[in-house]
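Contents: one structure, followed by commentary.
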Amino acid sequence: MIKTRTVKDLMNPDIMTVADNMTIDALAEYLVEHEISGAPVVDTQGHLIGVVSMTDIGRNMAEPSEPSRSSDFYRDIAADLTLEDLGQRYVEERAATVRDVMT
C-alpha cells in the first residue's frame, strides 16, 4: 500500500524569514547561501507581511527601469548638498528592497 504524503511530511519546521527592508542583493545572497528559493517576509515587529522568492527577484530584474535623465535626478537638488548627500540620495532612489518585490 502506498502511503500518502502530506505537506507536513515535506515541510521544514525551521522557518527562515527575511526583513522587509533587506536589499534585493542581500536577499539573493541569503537565499543562495541557505539553499532556499524563497522566504516569508516580516516587518520590524516580526509580523508576517508577505512572501518573497527567486521568481520575485527575477521579475524585478527583468522589468525595465524607468528612463531617466540627469536632469530628472538633479532637478530638485539644493545648492548646499554635499557629494556624500548626493550619493546617498542616488542609492536611496535606486535601491529596491524586499518590500518592493514581495508577493
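The values are calculated or read from the model by the stated rules, or taken from the named source; none is laboratory data. Source: prediction; values computed, not measured. Methodologically, a virtual Cβ is constructed for each residue, glycine included, from the backbone with ideal geometry; neighbour enumeration extends over all protein chains shown.
Worth a mention:
Quick grid of which residues meet (1) under 16 Å from the mean Cα position of the chain (by Cα); (2) at pLDDT below 90; (3) not hydroxyl-bearing (Ser, Thr, Tyr):
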| residue | (1), (2), (3) |
| --- | --- |
| Pro13 | no, yes, yes |
| Val51 | yes, no, yes |
| Ser71 | no, yes, no |
| Leu81 | no, yes, yes |
| Glu84 | no, yes, yes |
| Glu92 | yes, yes, yes |
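- In the range 31-62, the residues that are out of contact with any Asp or Glu (no Cβ under 8 Å at 6 or more places or on another chain) and among the aliphatic types (A, V, I, L, M): Leu31, Val32, Ile36, Ala39, Leu48, Val51, Val52, Met54, Ile57, Met61, Ala62
- Test: residue in the range 26-43 that is among the hydrophobic types (A, V, I, L, M, F, W, C), modelled with pLDDT under 95 and within 12 Å of Met102 (Cα to Cα): yes
- Just one of the numbered conditions (1) assigned to a loop (DSSP other than H, G, I, E, B); (2) at pLDDT 65 or above is not true of Glu66: (2).
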